[in-house]
Amino acid sequence: MPDSITNTSPKAGKGSMIAAALAAIGASLCCVGPLVLVTLGIGGAWIGSLTALEPYRPVFIGITLVFLFLAFRKLYIVPRQCAPGDACAVPGTLRNQRIIFWVVSILVIALLTFPYYGLVFLE
């Protein structure tokens with residue numbers, strides 16, 4: 001009988017990483033957004049109003065860390081249960097997912113910490 005209760009497809013772990021990346025973008029939107037717009041040549045007094053999302057930054061950071069933890073848990077802690085014909089049964093799949101996880105994690109941490117090192121770019 002197939003195990004229809006647990007979702008063991010490779011797509012199940014991708015959702016956590018995508019959600020973590022989107023939450024990190026939301027957390028850094030108040031700081032990275034104006035810098036990107038100025039870099040593209042878009043300016044004006046209204047750019048100062050983009051900091052309106054800054055009070056929500058801790059919420060986005062918390063959501064980001066929760067989703068990164070869920071992805072880490074799925075890749076390293078929870079035992080994999082794959083049928084022999086599934087894509088997750090291929091040994092290279094887990095390795096590729098872990099590589100993608102660490103690349104996304106580094107990018108997410110870079111976005112989350114941008115307000116601390118971003119002042120170097122503006123000086």
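Each value in this text was obtained by applying a stated rule to the coordinates, not by laboratory testing. Note that the structure is a prediction, hence the values are computed from the model and not measured. So basically every Cβ, Gly included, is an ideal-geometry build from the backbone, and we count neighbours across all protein chains shown.
Phi angles of segment 72-84 translate, via the Karplus equation with coefficients 6.51, -1.76, 1.60 and θ = phi - 60°, into HN-Hα couplings of 4, 4, 5, 7, 10, 9, 6, x, 7, 10, 10, 6, x Hz per residue; Gly and Pro are given as x.
Residues whose amide H comes within less than 5 Å of that of C82, counting only those at least five positions distant or on another chain, are absent (H built at 1.01 Å from N in the peptide plane). Under the simplified labelling scheme, the I77-T113 pair shows an inter-label distance of 2.3 nm, with each label point 7 Å from Cα along Cα→Cβ.
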